[in-house]
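Scroll down for the structure; my scribbles are underneath it.
The values are calculated or read from the model by the stated rules, or taken from the named source; none is laboratory data. Predicted model, so just to flag it, every value in this text is computed and none were measured. Cβ placement follows ideal geometry from the backbone for every residue including glycine, while neighbour counts extend to all protein chains displayed.
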Amino acid sequence: MQGAEGRLSEAEARRQHARLSDEIRAANIAYHAEDAPEISDAAYDGLREELRQLEAAWPKLAEAGSALEEVGAIASSSFAKVTHAQPMLSLDNAFSDEDVTEFVARVRRFLSLGEDEDVTILAEPKIDGLAVSLRYQNGELVQGATRGDGRVGENITANLKTVSDIPQRLQGAPETLEVRGEVYMVRADFLALNARQAEAGEKQFANPRNSAAGSLRQLDVSITSSRPLRFFAYGWGEMTELPRETQSGVMTWLRDLGFKTTDSRLGDAGAALEFYHEVERQRADMAYDIDGVVYKLDRLDWQQRLGSVGRSPRWAIAHKFAAERAVTRLNAIDIQVGRTGKLTPVARLEPVTVGGVVVTNATLHNEDEIERLDVRVGDWVELQRAGDVIPQILAQVSDPDEHAALPKFEPHETCPVCDSLAVREPGEVDRRCTGGLTCPAQRVERLKHFVQRRAVDIDGLGEQSIRLFFERSWLEGPADIFRLKDRAEEIAALEGWGEQSTANLMTSVETSRTVPLSRVLFGLGIRHIGEITARDLARAYPDWPTFSSLLQRLVDLRESFEPAVGEAEEKAKKRLNEALAAEISVSGIGPEVAAALVDFWAEGHNRSAVGELMDLMDVQTEAFKTIASSVSGKTIVFTGKLEAVSRDEAKAQAERLGAKVAGSVSSRTDILVAGPGAGSKLKKAESLGIETMDEAGWLRIVAQGQG
Ligand code: IVH
């Protein structure tokens, strides 16, 4: 750390401030908006601490708001962690009326609704605050938590108890009741708070949401209690007894229990859209900030059937308002090299405030995007920022003559880090460094990815340490992490390390030796294998021997694959990848993922790196919470026409009951569910002596599983 701030000139301090703020904001976006954290918790905490010290020495720098106070701040280690009894989901977004119509059509398809069946929707404003969960036991508020990553949040019970909209005791509540909603600040209160802060020489908040978030996450509860925080309930988590059969019914019941709820509208899709447009017109006059309208299916039995995909329910969607825009100067286009070698151009901007947040970077995605926008360094550009989404450049808006005089952006022929050739394959939009594991940027990015909390979670091994160890060749690949203990003395001798931090690192490495398969799979950083896909795979192939034999089968399948006579290359490739996906037979896992897995496993150096890792680690068999049922662990194939449920719903039902769904019948199939019109699959199943049943039989199993 920089230490005695007095040594810095103001210009240096400003530069450092900008750099740290950028890094923190980028980490927030990666973590919250993209669900793809890029730095470890420790590195993140380190950055925050550095920024805190800098702002303490140079208060002026924080006058326009500080990245430390912005939402999306990642759970700091100061609050105790709380695992949510039921995950706190987030919402998919719709940006147009058409997206909403498509949402309703999707719901109808999933539920196989007839044309005469009405879909009733509850529409309510999307409040721009901070999600919290309030747990009541026998009517008493016993715990309050932030959303965190949806599974684990922070325990902020004491802080939430100071919010006057939050009842501490309820009359007539079920034994366990988790109320979920948004903590927010009214605009007028926010302005008054900022005025008070200014008078007292304290820092200013950028907007009501940041101000609510900053006020709530205070270790000193007396600060929280002095802030004008409010609460709207919009849903619930665990609840021992459901008091009503509809979303709107439960919301009314919550209001009767003493919770504040927003205005809402109950009706068909047309009424929901009308509500959206009304709210959009009134938005500026409302007392608090909202960033869209949320639509929820009213019938709770339908919500239950629809369930969720990834982190979002299928039964709700957020219809966002148009993003805010601003114009600023493009100062530079830098190239970032990602974990998989992808070169991403990043726009460095003259700082500008958009929607209450200072923006200094924007992604330019790829060179086609730069060409399409025809942006050049020195241009004036218009950008927009919607919610937590990374700011986006919409267009260059320079004077045409000035624009014409600027040099065009030239794609990089080589990797800016390792100088290897950077190539763009035909049909791909991205340019990639071909250095692979010889490229330091890729290796460091992969290590960062591997150690992050949601992967193997090595506390105390942040970006800086990774770079430091990497430069000394102590850490070249993930397996080396588990050999760091051989370097303990050398590490302890490094500046800023010492015995204690080295011992701490060794302990966390030791702890992380034991992790479930899905997190290692995610940590390997294979293309297209995100956290959710890794979990889906591990659910079906729960231990390493089973998973690695799948990988080997895939590689064999690809090697023995032969294109049909006269078949075009593209077509053959597509057919191959589809066959690979069918071999994996996990719903939601398609040809792209299958191809990425084979590409990875076909590389000898990947196999040996993973082999080493498996020798050094104690990878745990995945234990997933599914409902125990007569079909748990079985492989089911659906064929023919299903009438009461759609194919997607049947698959979701099977997965909820712990079964695996396959696309084709083989000796590994346990049950075939055959509707009318079933043909060759039914014949094959019969010839293999596989249990078969009709849709009614299947629905009886589902009903038992839920009972
Ligand atoms: S429902 C399972 N309703 O928006 C559904 N969320 O983008 C969970 N939010 O994390 C959310 N107003 O913090 C819901 N009326 C509303 C909301 C709302 C604001 C926030 C909430 C959530 C985020 C998702």
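Looking only at residues of region 308-358 that are assigned to a loop (DSSP other than H, G, I, E, B) and away from the ligand (no atom under 16 Å from the Cβ), we find that the one that is modelled with the lowest pLDDT is Gly356. Would you call Leu343 aliphatic (A, V, I, L, M), surrounded by 18 or more Cβ atoms within 10 Å (Cβ to Cβ), touching a residue at least 40 places away in the same chain (Cβ under 8 Å) and over 30 Å from Asp289 (Cα atoms)? Yes: the conditions hold for Leu343. Given the structure, is Arg325 without any contact (Cβ under 8 Å) to a residue 12 or more places away in the chain, basic (Lys, Arg) and either surrounded by fewer than 17 Cβ atoms within 10 Å (Cβ to Cβ) or closer than 24 Å to Tyr136 by Cα (or both)? It is false that Arg325 is without any contact (Cβ under 8 Å) to a residue 12 or more places away in the chain, basic (Lys, Arg) and either surrounded by fewer than 17 Cβ atoms within 10 Å (Cβ to Cβ) or closer than 24 Å to Tyr136 by Cα (or both). Number of residues in region 216-236 that are more than 16 Å from the ligand (Cβ to nearest atom) and either within 22 Å of Lys81 (Cβ to Cβ) or of a type outside the set (D, E, K, R) (or both): the value is 10. None of Gly201, Gly258 is modelled with pLDDT of 95 or more and on the phi > 0 side of the Ramachandran plot except Gly258. Residues in region 161-174: is at least one within 16 Å of the ligand (Cβ to nearest atom) and of a type in the set (D, E, K, R)? Looking through region 161-174, at least one residue is within 16 Å of the ligand (Cβ to nearest atom) and of a type in the set (D, E, K, R).
Select, from Ile458, Ile481, the only residue that is out of contact with any Asp or Glu (no Cβ under 6 Å at 6 or more places or on another chain), crowded, with 19+ Cβ neighbours inside 10 Å and at pLDDT 95 or above. Working first, answer last.
Working: Ile458 fails: at pLDDT 95 or above.
Exactly one of Ile458, Ile481 is out of contact with any Asp or Glu (no Cβ under 6 Å at 6 or more places or on another chain), crowded, with 19+ Cβ neighbours inside 10 Å and at pLDDT 95 or above, namely Ile481.
The condition of being in contact with an Asp or Glu (Cβ under 7 Å, 6 or more places away or on another chain) and of a type in the set (Asp, Glu) holds for only one of Asp128, Asp189, that being Asp128.
Looking at region 249-263 only, could you name the residues that are among the hydroxyl-bearing types (Ser, Thr, Tyr) and surrounded by fewer than 18 Cβ atoms within 10 Å (Cβ to Cβ)? Correct list: Thr252, Thr261. Within region 301-312, can one find any residue that is under 21 Å from the mean Cα position of the chain (by Cα) and either of a type in the set (Lys, Arg) or buried (at least 18 other Cβ atoms within 10 Å of the Cβ) (or both)? Yes, there is a match, as at least one residue in region 301-312 is under 21 Å from the mean Cα position of the chain (by Cα) and either of a type in the set (Lys, Arg) or buried (at least 18 other Cβ atoms within 10 Å of the Cβ) (or both). For the structure I just gave you, tell me whether Val429 is surrounded by fewer than 16 Cβ atoms within 10 Å (Cβ to Cβ), among the β-branched types (Val, Ile, Thr), touching a residue at least 60 places away in the same chain (Cβ under 8 Å) and part of a loop (DSSP other than H, G, I, E, B). Spelling it out, Val429 is indeed surrounded by fewer than 16 Cβ atoms within 10 Å (Cβ to Cβ), among the β-branched types (Val, Ile, Thr), touching a residue at least 60 places away in the same chain (Cβ under 8 Å) and part of a loop (DSSP other than H, G, I, E, B).
Go through region 565-588 and count every residue that is under 17 Å from Asp536 (Cβ atoms) and either at pLDDT below 90 or of a type in the set (D, E, K, R) (or both). So the count comes out to 7.
One residue stands out among those in region 93-148 that are among the small types (Gly, Ala, Ser) and within 16 Å of the ligand (Cβ to nearest atom): the one that is nearest to the chain's Cα centre (by Cα), which is Gly148. Given the condition farther than 30 Å from Arg187 by Cα, touching a helix residue (DSSP H, G or I) at 6+ places or on another chain (Cβ under 7 Å) and in contact (Cβ under 8 Å) with a residue 40 or more places away in the chain, answer yes or no: does some residue in region 386-398 qualify? Yes, region 386-398 contains at least one residue that is farther than 30 Å from Arg187 by Cα, touching a helix residue (DSSP H, G or I) at 6+ places or on another chain (Cβ under 7 Å) and in contact (Cβ under 8 Å) with a residue 40 or more places away in the chain.
Could you name every one of the helices (runs of 4 or more DSSP H) located completely within region 190-286 that has at least 3 residues being hydrophobic (A, V, I, L, M, F, W, C)? Break it down stepwise before answering.
On the way: elements: 208-216, 221-225, 247-257, 269-282.
Fully inside region 190-286 and qualifying: 208-216, 247-257, 269-282.
Just one of (1) in contact (Cβ under 8 Å) with a residue 60 or more places away in the chain; (2) more than 23 Å from Leu364 (Cα to Cα) fails for Ile481. It is (1).
Where in region 501-609 are there helices (runs of 4 or more DSSP H), lying wholly inside it, with at least 2 residues that are without any contact (Cβ under 8 Å) to a residue 12 or more places away in the chain and either over 23 Å from Val637 (Cα atoms) or among the hydrophobic types (A, V, I, L, M, F, W, C) (or both)?
Details: elements: 517-523, 531-540, 544-560, 569-584, 591-602.
Hits in region 501-609: 544-560, 569-584.
Residues are listed down the side, and each one gets a yes or a no for (1) exposed (fewer than 14 other Cβ atoms within 10 Å of the Cβ); (2) in contact with a helix residue (DSSP H, G or I) (Cβ under 7 Å, 6 or more places away or on another chain); (3) closer than 20 Å to Val665 by Cα:
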| site | (1), (2), (3) |
| --- | --- |
| Val555 | no, yes, no |
| Glu562 | yes, no, no |
| Gly566 | yes, no, no |
| Asn577 | no, yes, yes |
| Val586 | no, yes, yes |
| Val598 | no, yes, no |
| Gly611 | yes, no, no |
| Thr635 | no, no, yes |
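Determine if region 513-526 includes at least one residue that is buried (at least 22 other Cβ atoms within 10 Å of the Cβ) and touching a strand residue (DSSP E or B) at 6+ places or on another chain (Cβ under 7 Å). Scanning region 513-526 turns up at least one residue that is buried (at least 22 other Cβ atoms within 10 Å of the Cβ) and touching a strand residue (DSSP E or B) at 6+ places or on another chain (Cβ under 7 Å).
For the residues Val183, Val107, the requirement of being in contact with a strand residue (DSSP E or B) (Cβ under 9 Å, 6 or more places away or on another chain), touching a residue at least 60 places away in the same chain (Cβ under 8 Å) and either buried (at least 19 other Cβ atoms within 10 Å of the Cβ) or assigned to a helix (DSSP H, G or I) (or both) singles out Val107.
Scanning region 294-307 for residues that are among the basic types (Lys, Arg) and away from the ligand (no atom under 11 Å from the Cβ) gives Arg299, Arg305.
Scanning region 365-378 for residues that are in a loop (DSSP other than H, G, I, E, B) and surrounded by fewer than 21 Cβ atoms within 10 Å (Cβ to Cβ) gives His365, Asn366, Asp374, Arg376, Val377, Gly378.
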